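First comes the structure, then the notes that go with it.
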Amino acid sequence: MNRYPIWKNLLVLVIVLTGILYAAPNLFDQDPAIEVAGTRRANVDQGTVAAVQDALKTAGVEIKSLDFSGTRLLLRFHDPESQLKAKDVLSEALGDNYNQALTLSTDLPGWLRAINAMPMNLGLDLRGGIHVLIDVDMEAAVKQSVERYAGDIRTLMRNEKLRYVTVSKGDASVSIKFRDAAVRDRALDAVSDEFRDLDVTARDDGDSFLVVAKLGKSVQQEVSKFALEQNITTLRNRVNALGVAEPVIQQQGQRRIVVQLPGVQDPARIKDLLSATATLEYRLEDTEHNVEDAVAGRVPPGARLYRMRDGRPVLLKKRVIVTGDQITNASSGLDQRSGSPAVFVNLDGPGARRMRNVTSDNVGKPMAVVFIETRYEKYQDKDGNTVKRKRKVEEVISIATIQEPFGKRFQTTGLDSTEEAHDLALLLRAGALAAPIEIVEERTIGPSLGADNIEQGFNSVVIGLILVMIFMALYYRTFGLVADMALAVNLVLIIAVLSMLQATLTLPGIAGIVLTVGMAVDANVLIFERIREEIRNGNTPQASIHAGYEKALSTITDANITTLIAAAVLFSFGTGPIKGFAVTLFIGILSSMFTAIIGTRSVINFIYGGKRLSKLSI
């Protein structure tokens, strides 16, 4: 009696060993490290690795280890001082072509990396860094959309030769005034056919006849959603350019964005970066003049000298065709004719009309995309004071030949890879913020505070674990020691699952683990008390063990299911810290049910199963 089949014992053993294996990376120390990544102008290759090694060797900075993944370079150091010194050396040696992100990296053995066993990520409250809450001005986004519709309607009226008095803009509507009712009726039909997503109505106002085009609730929600998504993409690109390891940029609510940057301690620089302006311009390439003469200083009238991402000079005409604020959408894909990577761009009405006029006159000629960004940089003046200055960066990110006239929607080809097409689409969408933003909250958490949080959280888990273990061992004797073993395995399994999911551990997450430690023995208490009750009723020890596990199962399941429901609700409706608590609580409840019901039963069966017993140590 009370014997598990071999397969069930093996299953328990495999789960426990797997948990130990994937929790093990968290025991290794984290080394100060620098992650080197390329920008749009350069990629990390073997030449970059050699340059980095030479620069650090010359500066006398010792490297603990170096890992090159093909696209990124990770350098580990023995102490933070070497890391900071290396950061300054690499910034000077590599220049603006590469980003260097300060981070912490665990020096794991190769066999652990081979099975993708990695440590948990640490949240902002444990590692230190900057938390910024940004509010997106949705009213301004809707207003910008109204202005675009107003421009498109003016263009439509001119094309249809419908004489109007004025086109005025409201909060979420465009009104066109006419002197003649017949012309108004024709305009009503034209606007209704052209802009099917607008609510178009006609009304009379004295001697004036009006057509009113309103943005419905669904259209306003779509505009707001697009503005929020485009701003998130813009901010993510800017943070990536800053070189922050493991940033968190996500939507919170209907109009807010949370930006968490672990390891960053300069809030002023972050605010400049997030609120910086950027835009795009489309220009024709000047093929009539020699670019070498322009490099030598003889730039022809009507042209301007630019640089490609790789530093190659290119001569463009001064006349701007369209700018980034006229781009309504961009996506990457494949050209249907050649199968090569392409980027598909949508323009608003005025931009589409201007693009069609220019491309009709310049088929077969090259057109360039110029990325323009305003950056804020700090430098030391003659007196040693830190001064902030604004620098305008302009670079050509793509040049393609105009194959045929196009207007509102067109594609850019001539790209090297689908990855480059994807990056270009991101730049086109995220070149400028779709709606104004305001930083409504910012918090800076120092690394020393993060270390204190880790220490206090670790101590709370250890103290809680020890107290519970002492109580169980004294009160339930051998069965209590088995419960203690299950409790330790439960903690290992929680850490293993978090590591396998690459979840981020936060201070509320540690609170969830501490709560789970206390709740994990509840199931064993129910089982053990049921066994003691069966013994008091005169049952044999073997029958008492069997009845204790069988009869307590429904109660344990009911209690834990209600806690799982609460954790799921917290995760669904909570924000970042609440989600962290809910995740660890959810995982902890599932693992505690496994260890308390199946794990302890397996050990108890191993100790007492199939034996003649006169009493139990419980």
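The values are calculated or read from the model by the stated rules, or taken from the named source; none is laboratory data. Because the structure is a prediction, the values reported are computed rather than measured. Cβ atoms come from the backbone with ideal geometry, glycine included; neighbour counts cover every protein chain shown.
Scanning segment 171-183 for residues that are under 29 Å from residue 141 (Cα atoms) and surrounded by 13 or more Cβ atoms within 10 Å (Cβ to Cβ) yields 172, 173, 174, 175, 176, 177, 178.
Being at positive phi and not in a helix (DSSP H, G or I) is a property that residue 2 has.
So, in segment 135-148, of the ones that are of a type outside the set (Asp, Glu) and closer than 12 Å to residue 326 by Cα, which residue ends up surrounded by the most Cβ atoms within 10 Å (Cβ to Cβ)? Result: 145. The conditions of being modelled with pLDDT under 80, of a type outside the set (S, T, N, Q) and under 32 Å from the mean Cα position of the chain (by Cα) are met by residue 420. Among the residues making up segment 124-135, none is out of contact with any helix residue (DSSP H, G or I) (no Cβ under 7 Å at 6 or more places or on another chain) and part of a loop (DSSP other than H, G, I, E, B). Does residue 407 satisfy being modelled with pLDDT of 80 or more and outside any helix (DSSP H, G or I)? It is true that residue 407 is modelled with pLDDT of 80 or more and outside any helix (DSSP H, G or I).
Scanning segment 82-101 for residues that are of a type outside the set (D, E, K, R) and either in contact with an Asp or Glu (Cβ under 7 Å, 6 or more places away or on another chain) or farther than 27 Å from residue 311 by Cα (or both) gives 82, 83, 84, 101. Name the residues in segment 515-541 that are crowded, with 24+ Cβ neighbours inside 10 Å and in contact with a Lys or Arg (Cβ under 9 Å, 6 or more places away or on another chain), would you? Answer for segment 515-541, where residues must be crowded, with 24+ Cβ neighbours inside 10 Å and in contact with a Lys or Arg (Cβ under 9 Å, 6 or more places away or on another chain): just 527. Does residue 530 satisfy the criteria of being part of a strand (DSSP E or B) and either on the phi < 0 side of the Ramachandran plot or out of contact with any Gly (no Cβ under 7 Å at 6 or more places or on another chain) (or both)? Spelling it out, it is not the case that residue 530 is part of a strand (DSSP E or B) and either on the phi < 0 side of the Ramachandran plot or out of contact with any Gly (no Cβ under 7 Å at 6 or more places or on another chain) (or both).
Scanning segment 64-81 for residues that are touching a Lys or Arg at 6+ places or on another chain (Cβ under 9 Å) and surrounded by 19 or more Cβ atoms within 10 Å (Cβ to Cβ), we see that the one that is nearest to residue 307 (Cα to Cα) is 75. Listed by first and then second residue, the pairs with beta-carbon distance under 9 Å, at least 6 apart or on different chains, first residue in segment 517-531 and within 21 Å of residue 546 (Cβ to Cβ), second among the small types (Gly, Ala, Ser) and outside any helix (DSSP H, G or I), form an empty list.
Residues in segment 355-376 that are modelled with pLDDT of 85 or more and not β-branched (Val, Ile, Thr): 355, 356, 357, 360, 361, 362, 364, 365, 366, 367, 368. In this structure, is residue 544 in a helix (DSSP H, G or I), farther than 19 Å from residue 493 by Cβ, of a type in the set (Ser, Thr, Tyr) and touching a Leu at 6+ places or on another chain (Cβ under 8 Å)? Considered against the rule, which asks whether it is in a helix (DSSP H, G or I), farther than 19 Å from residue 493 by Cβ, of a type in the set (Ser, Thr, Tyr) and touching a Leu at 6+ places or on another chain (Cβ under 8 Å), residue 544 comes out as yes. Residue 502 meets each of the listed conditions (1) closer than 19 Å to residue 593 by Cα; (2) in contact with a strand residue (DSSP E or B) (Cβ under 8 Å, 6 or more places away or on another chain) apart from (1). Taken together, 270, 257 contain a single residue that is within 21 Å of residue 444 (Cβ to Cβ), buried (at least 20 other Cβ atoms within 10 Å of the Cβ), modelled with pLDDT under 75 and not acidic (Asp, Glu), which is 270. Scanning segment 331-349 for residues that are closer than 12 Å to residue 410 by Cβ and surrounded by fewer than 21 Cβ atoms within 10 Å (Cβ to Cβ) yields a total of 3.
Candidates in segment 5-25 are the residues that are free of Cβ contacts under 8 Å to residues at least 24 places away in the same chain and in a helix (DSSP H, G or I); of these, the one that is farthest from residue 590 (Cα to Cα) is 6.
Determine, yes or no, whether residue 196 is among the basic types (Lys, Arg), at pLDDT below 90 and not in a helix (DSSP H, G or I). Judged against the criteria, residue 196 is a match. Exactly one residue out of 459, 539 is of a type outside the set (Lys, Arg), at pLDDT below 90 and part of a loop (DSSP other than H, G, I, E, B), and it is 539.
Test residue 42 against the stated conditions and say whether it is modelled with pLDDT under 85, small (Gly, Ala, Ser), surrounded by 15 or more Cβ atoms within 10 Å (Cβ to Cβ) and in a strand (DSSP E or B). The answer is no for residue 42. Evaluation of residue 147 against the conditions (1) assigned to a helix (DSSP H, G or I); (2) touching a residue at least 24 places away in the same chain (Cβ under 8 Å); (3) within 30 Å of residue 253 (Cα to Cα) shows that the sole unmet condition is (2). Selection of segment 579-618 for residues being of a type in the set (A, V, I, L, M) and more than 25 Å from residue 556 (Cα to Cα) yields only 613.
Tell me whether segment 502-510 contains one or more residues that are within 50 Å of the chain's Cα centre (by Cα), farther than 24 Å from residue 20 by Cβ and assigned to a helix (DSSP H, G or I). Yes, segment 502-510 contains a residue that is within 50 Å of the chain's Cα centre (by Cα), farther than 24 Å from residue 20 by Cβ and assigned to a helix (DSSP H, G or I).
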